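Worksheet for the structure shown next.
The values are calculated or read from the model by the stated rules, or taken from the named source; none is laboratory data. Values in this document were obtained by computation on a predicted structure and should not be read as measured data. We place every Cβ from the backbone using ideal geometry, glycine too, and count neighbours over all the protein chains shown.
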Amino acid sequence: MTPIIEIQNLTHVYSPQTPFEHTALSDVSLTIDRGEFVGLIGHTGSGKSTLIQHMNGLLRPTSGHILFDGRDIWEDAAFTRQIRFRVGLVFQYPEAQLFEETVFRDIAFGPRNMGLSEDEIRTRVLRAAGFTGLDEAVLEKSPFELSGGQKRRAAIAGVIAMEPDVLILDEPTAGLDPSGRASILENIRSYQAAQHAAVIMVSHSMEEIATLADRLVVMNHGSVAMSGTPHAVFSRAQELAEMGLEVPCMTQVLLELRHLGVRVDPSAYTIEQAAERLLPLLKGGAAHA
């Protein structure tokens, strides 16, 4: 099966041939499958934001190719424009981009630019509002009357209303309280399941990303340092630490037990997984390395 997105030997250099020249991405190759949930992690400056902006054509590669369904997204201008709708990108703190008179008009902005009929636009706005947990009563309000969490939902709904095949989110829960974070993540999962969409999420919360993602991609100095299941990636905790990344709290606890001589697999990242590893030891007496 053809990946929904294939990145081939992507390099991106900012301000080339100037004193400010900086290579943000170097020979990156990566595939994203339909329906896959990929967590993108890395320290500040590792290339995450530059990478996701290539996936929907906001940035053009210095060298290399971005394929969508097997076609180079830069093969012609019409296809590049189409990609902006099929690969939806939600920036960090997207509520800062709300600008229309009503929430309805803000959510409708993308579908309207797609040239859809008014009936189809309304259908998509209501469906996107439903996915993100916004009541219909909110839709006629000014976006500036909403709470912080509602603004975040409205901004995400504006991207979801285009019904993209790939949904990319940069720190979608930043600044939200725990219940707000949980609700937003549940909304994203609902959209993924309903549309069989690929989801790519950038996050600094290791616990959050570990429980959601099918696969983690770790960026370091503009390159892909690791790619694998959360279990496989977090089993390399020492390497992650050397890249300036923290592992989930449960993994840290198990690593400390390991250092104290307890024979336990430290790659667990949830309380339930840690319990599975520790209960046999407690029943049989903790074995020491």
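Descriptive notes on the structure:
- Pairs with Cβ under 7 Å, 6+ apart, first in segment 187-205 and closer than 18 Å to Tyr93 by Cα, second outside any strand (DSSP E or B) and basic (Lys, Arg): Val202/Lys48
- Pick from segment 261-282, criterion of a type in the set (A, V, I, L, M) and buried (at least 17 other Cβ atoms within 10 Å of the Cβ), ranking: farthest from His231 (Cα to Cα): Val262
- For segment 206-239, the set of residues classified as polar (S, T, N, Q), free of Cβ contacts under 8 Å to residues at least 24 places away in the same chain and either more than 26 Å from Glu186 (Cα to Cα) or touching a Leu at 6+ places or on another chain (Cβ under 6 Å) (or both) consists of Gln238 only.
- Taken together, the residues in segment 151-186 that are touching a residue at least 60 places away in the same chain (Cβ under 8 Å), of a type in the set (Gly, Ala, Ser) and out of contact with any Gly (no Cβ under 9 Å at 6 or more places or on another chain) amount to 2.
- Residue tally, condition without any contact (Cβ under 8 Å) to a residue 60 or more places away in the chain and within 18 Å of Met201 (Cβ to Cβ), over segment 12-36: 1
- Hey, Asp177 surrounded by fewer than 21 Cβ atoms within 10 Å (Cβ to Cβ), at pLDDT 95 or above and more than 26 Å from Asn56 (Cα to Cα) or not: no
- For Tyr93, the conditions (1) under 24 Å from the mean Cα position of the chain (by Cα); (2) under 20 Å from His54 (Cβ atoms); (3) surrounded by fewer than 17 Cβ atoms within 10 Å (Cβ to Cβ); (4) of a type outside the set (Gly, Ala, Ser) all hold with the exception of (2).
- Test: residue in segment 37-44 that is hydroxyl-bearing (Ser, Thr, Tyr), loosely packed, with under 15 Cβ neighbours inside 10 Å and at negative phi: yes
- The residues of segment 240-260 that are in contact (Cβ under 8 Å) with a residue 60 or more places away in the chain and surrounded by 13 or more Cβ atoms within 10 Å (Cβ to Cβ), listed by number, are Met243, Leu245.
- Some residue of segment 193-209 being under 24 Å from Pro3 (Cβ atoms) and polar (S, T, N, Q): yes
- Taken over segment 132-148, the residue count meeting the criterion of being assigned to a helix (DSSP H, G or I) and buried (at least 17 other Cβ atoms within 10 Å of the Cβ) is 4.
- All positions within segment 157-173 that are part of a loop (DSSP other than H, G, I, E, B), closer than 17 Å to Gln53 by Cα and of a type outside the set (D, E, K, R): Pro164, Pro172
- Residue check, Val233 touching a strand residue (DSSP E or B) at 6+ places or on another chain (Cβ under 6 Å), more than 29 Å from Arg112 (Cα to Cα), surrounded by 21 or more Cβ atoms within 10 Å (Cβ to Cβ) and among the β-branched types (Val, Ile, Thr): yes
- Screening Ala154, Ala198, Ala161 for residues that are touching a Ser or Thr at 6+ places or on another chain (Cβ under 8 Å), at pLDDT 90 or above and buried (at least 22 other Cβ atoms within 10 Å of the Cβ) leaves exactly one candidate, Ala154.
- Scanning segment 66-124 for residues that are β-branched (Val, Ile, Thr) and touching a residue at least 12 places away in the same chain (Cβ under 8 Å) turns up Ile66, Ile73, Thr80, Ile83, Val87, Val90, Thr102, Val103, Ile107, Ile121.
- Set side by side, the residues Leu116, Leu139, Leu146 differ, and just one is in the same structural domain as Ser49 (by TED's automatic domain parsing), within 27 Å of Gly35 (Cβ to Cβ) and among the aliphatic types (A, V, I, L, M), which is Leu116.
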